1. If you take the residues in the stretch 252-273 that are of a type in the set (D, E, K, R) and surrounded by fewer than 19 Cβ atoms within 10 Å (Cβ to Cβ), which one is nearest to residue 346 (Cα to Cα)?
2. With (1) in contact with an Asp or Glu (Cβ under 8 Å, 6 or more places away or on another chain); (2) of a type in the set (A, V, I, L, M); (3) free of Cβ contacts under 8 Å to residues at least 24 places away in the same chain as the list, and residue 77 as the residue in question, which single condition is left unmet?
3. Please find, within the stretch 113-130, the residue that is modelled with the highest pLDDT out of those that are surrounded by fewer than 24 Cβ atoms within 10 Å (Cβ to Cβ) and out of contact with any Ser or Thr (no Cβ under 6 Å at 6 or more places or on another chain).
4. Considering the stretch 215-236 alone, what residues qualify as being under 20 Å from residue 59 (Cα atoms) and either among the polar types (S, T, N, Q) or modelled with pLDDT of 90 or more (or both)?
5. If you scan the stretch 279-288, which residues turn out to be of a type in the set (S, T, N, Q) and buried (at least 23 other Cβ atoms within 10 Å of the Cβ)?
6. Sort through 405, 351 and tell me the only one that's part of a helix (DSSP H, G or I) and within 25 Å of residue 298 (Cα to Cα).
7. Just one of 232, 251 is within 29 Å of residue 424 (Cβ to Cβ), part of a helix (DSSP H, G or I) and not assigned by TED's automatic domain parsing to the domain that holds residue 417; which is it?
8. Could you pull out the residue among 285, 339 that is under 17 Å from residue 411 (Cβ atoms) and touching a residue at least 12 places away in the same chain (Cβ under 8 Å)?
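The values are calculated or read from the model by the stated rules, or taken from the named source; none is laboratory data. Given the structure is predicted, the values throughout are model-derived calculations rather than measurements. When we count neighbours, we look across all protein chains shown, and the Cβ atoms used for this are built from the backbone with ideal geometry, even at glycine.
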Amino acid sequence: MDTVATAHPELTPVRRNLILVMVVLATTLYGTTLLVVSTILPQMQGSFAATADEIAWAMTFNILATAIVTPMSGWLAGRFGTRPVMVWSLAGFTVATFMCGAADSLESLVFWRILQGGFGAPSTPLTQSILLTVFPRSQQTRVMGIFGFGVVLGPIFGPALGGIMAESYNWRWAFYALVPVGIAATVGLQAVLPDDENVTDRPLDWIGFIALSIALGATQLVLARGQRLDWFDSYEIIIATIVAIIGYWVFVVHCLTSPRPFLDPRLLLDRNYALGLILVTIYGMLNFTPMVLLPPLLTGPAGYTDSLVGLVVGARGVGGCIGFLIAGFTGRLDGRISMMIGFAMLLIAGLWLMHIDLNVTYMNLAMNAGLQGVAIGLIWVPLTTATFATLPTKHMGEATAVYHLLRNLGSSFFISVCVAEIVRSTGMNYAHLTELLTPYNKVLEMPSVLGRWDTESLKGLASLSKEMTRQATLIAYLNAFGLFTTACALTIPLVLLMRGKQPR
């Protein structure tokens, strides 16, 4: 049995567990801020007298900063050391979080949100790199399960925290409440993280970095603002798309021709890592999409209260805890089995959502959300372990940065696609329903068909139009859940192509 750590055999079990607690705390803190703003946007909009487009920059620029800095995580750790990068990143993130709460103008809020995203971006990939190098292979399945709590559950509880703080006090306390945790995590990381052994003077590949940064920034702009600006009917979206394509082209060509590229394409020669990147992209597509789609459907056409929607999201968090717990105990099995079961459960949950109606009960939704949560936990641990199982330790920082970058991009892309489908399909379905409601439709002459609906008065027609809008919206959401289910089905053959357990 493997009893020593991969890179730090001198560490005691107590110190390793303290490292685990501190880095997972840092990851959870950063994950919480990803979606905490989503519930306090209305209050911030009123506080700064901003339009909906203006206040949306508080989220858009944060995402842009995260997308740009995440690929740098591997180079930063290799150049300056994992310990100082983690400590200074979390310290800067904590200061930026406090300043977000203290912002007195929209411009200053956006500025500090940019710094918050930039400083916080290295925490997730570097945390994973630290755990894979500090803990022996025999313990990595358990460790990845605990790490998954911070990565997956942080964004689930973030909106709930923001809503509670905004309702009890005001939106500023959604940021202030995170500051003590950030200070504690910063001090803890400084105390327990070991010194680095593989610090190099590798220069930054500026051409690759700038090309990738421009491409990622333009991509996130398209995804964040495309639906609001009606996609390619907007010159802004067209220009951003062209810039993204050129940026990706320059980056790929440079990586293939440069002797020391920003991100080494030779890592893709590792089959498990290459397949893991594809799977984690789809995993990102599946992870947050139901949480984004369900609340508008439930609070709108279905008539749910905010508290009930929060309980549904909470059920997913409870399911996630159970899933990670199970994954920790099944670590001795072939990871492909756990991934197959997890993706199959998500497939079942997607088919389940495709058959709901506007009279769906809370218990029905809570059970579905719990099933999704268990599946997410079962997938994450073996997927992460299998993806990096055959990679050399020296490439962990760079490899984990790309891994989490694709997870975030997959989430942003798929949410945008689903929202676009909902908007498009709602209008199309409503038009189709109105075509059926005409005086020439003989079926409507049957008393049992119309029931209580009145087509003879203006009030009755307005009520009928409202109901058609509700049903058209429901059908659109069912189409989006169909996309979710299709993505789940695509993962099954990819999992079978991965190798089973192998020594690193």
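1. Start the filter on the stretch 252-273 by keeping residues that are of a type in the set (D, E, K, R), which leaves 260, 264, 266, 270-271.
Next, only the ones that are surrounded by fewer than 19 Cβ atoms within 10 Å (Cβ to Cβ) stay: 260, 264, 266, 271.
On the way: 260: 40, 264: 33, 266: 32, 271: 25 Å.
Filtering first and then ranking leaves 271.
2. It fails just one condition, (3).
3. Checking each candidate, the answer is 115.
4. So in the stretch 215-236, the residues under 20 Å from residue 59 (Cα atoms) come out as 215-231, 236.
Across the stretch 215-236, the qualifying residues are 219, 220, 227.
5. Of the residues in the stretch 279-288, the ones of a type in the set (S, T, N, Q) are 281, 287.
Scanning the stretch 279-288 gives a single hit, 287.
6. Details: 405 fails: within 25 Å of residue 298 (Cα to Cα).
Answer to the check: 351.
7. Details: 251 fails: within 29 Å of residue 424 (Cβ to Cβ).
Testing whether each residue is within 29 Å of residue 424 (Cβ to Cβ), part of a helix (DSSP H, G or I) and not assigned by TED's automatic domain parsing to the domain that holds residue 417 leaves just 232.
8. Checking each option against the conditions leaves just 285.
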